[in-house]
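Working notes for the structure below.
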Number of protein chains: 2
Amino acid sequence: MADDTFYMKQALMEAQKAFASGEVPVGAVVVCRDRIIGRGHNLTEMLNDVTAHAEMQAITAAANNLGGKYLNECTLYVTVEPCVMCAGAIAWAQTGKLVFGAADDKRGYQKYAPDALHPKTVVIKGVLADECAQLMKDFFKKRR
Amino acid sequence: MADDTFYMKQALMEAQKAFASGEVPVGAVVVCRDRIIGRGHNLTEMLNDVTAHAEMQAITAAANNLGGKYLNECTLYVTVEPCVMCAGAIAWAQTGKLVFGAADDKRGYQKYAPDALHPKTVVIKGVLADECAQLMKDFFKKRR
């Protein structure tokens, strides 16, 4: 069984796609029974849509793939701590497990909505946190 | 200049479309300079997607219409208090004004994320609250 680091690397690959397109580099994958059933990276600039975060894309793709809108048996991997919007979506999807890389002290859900997730969602923090954070730092340094 | 009641009636019309399709009856419109530039109603069942709330559809439509992703000059009218996810989206869009009808004590953002909105967003509550709430009650009564 592949481990959390393996799938976080997959999420990082998604984040790198965002980086390459000039988007804030956040990536996500949804995994169900050791298979990636949804991928997404931030597309807010390209789609001109504030709702087009990596997690939203990955959740929508996974539900589409499963043919059901609940992700109880799934794990969402995302390179950066989800924002309030995405935490709300993760809750509505009743996501079984959330694994995130870098914390986001400014926009992360833990600050504004610590109880937003579904109570049954297992949360693992800090997987490949340095790599995930470094990509963000590189992006914002480039933009300055 | 049309008033908040006028546009909330438009949001209610959207909610009625949801009701007629067997969706939880929530509707939204985005108004910019006295013109409706985005409409949406809950489509979570039809799209099999937990992110397909009325507000999300309306925000995406409005940004698409404007050609810009920020809604600083706009008002979002929604028949029911937004959830945490939608409040997060309303914040990202820097929505100028939020007007909602019925409160949602169970899933509304005010309980889980009272500070989720952008600090500059003006919030008006309770416009046509009874009509908005009644549609929800009728829907859930029918489903029992």
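Looking at the stretch B:29-144, the helices (runs of 4 or more DSSP H) lying wholly inside it that each contain 1 or more residues that are within 14 Å of chain A (Cβ to nearest Cβ) sit at B:44-47, B:54-66, B:84-92, B:109-112.
Of all residues in the stretch B:8-28, those satisfying the criterion of being part of a helix (DSSP H, G or I) and open to solvent by 10 Å² or more (accessible area, probe 1.4 Å) are B:LYS9, B:GLN10, B:LEU12, B:MET13, B:GLN16, B:LYS17, B:PHE19, B:ALA20. When you check B:MET56 against the structure, is it at pLDDT 95 or above, open to solvent by 30 Å² or more (accessible area, probe 1.4 Å), out of contact with any Phe, Trp or Tyr (no Cβ under 7 Å at 6 or more places or on another chain) and hydrophobic (A, V, I, L, M, F, W, C), yes or no? In short, no.
If the condition is being polar (S, T, N, Q) and under 15 Å from A:VAL99 (Cβ atoms), then the stretch A:2-56 contributes A:THR5, A:GLN10. Selection of the stretch A:12-43 for residues being closer than 18 Å to A:ARG107 by Cα and within 14 Å of the chain's Cα centre (by Cα) yields A:ALA15, A:VAL24, A:PRO25, A:VAL26, A:GLY27, A:ALA28, A:HIS41, A:ASN42, A:LEU43.
Restricting the stretch B:125-144 to residues that are open to solvent by less than 60 Å² (accessible area, probe 1.4 Å) and among the hydrophobic types (A, V, I, L, M, F, W, C), the residue that is farthest from B:VAL29 (Cα to Cα) is B:PHE139.
For the stretch A:72-122, a residue qualifies if it is over 12 Å from the mean Cα position of the chain (by Cα), open to solvent by 40 Å² or more (accessible area, probe 1.4 Å) and among the hydrophobic types (A, V, I, L, M, F, W, C), and the qualifying residues are A:TRP92, A:VAL122.
The values are calculated or read from the model by the stated rules, or taken from the named source; none is laboratory data. These figures come from a predicted structure and were not determined experimentally. Every residue, glycine as well, gets a Cβ built from its backbone with ideal geometry; the counts of neighbours run over all protein chains shown. Accessible surface is based on the protein model in full, side chains and every heavy atom, while ligands, DNA and RNA are left aside. Shrake-Rupley method; radii C 1.70, N 1.55, O 1.52, S 1.80 Å.
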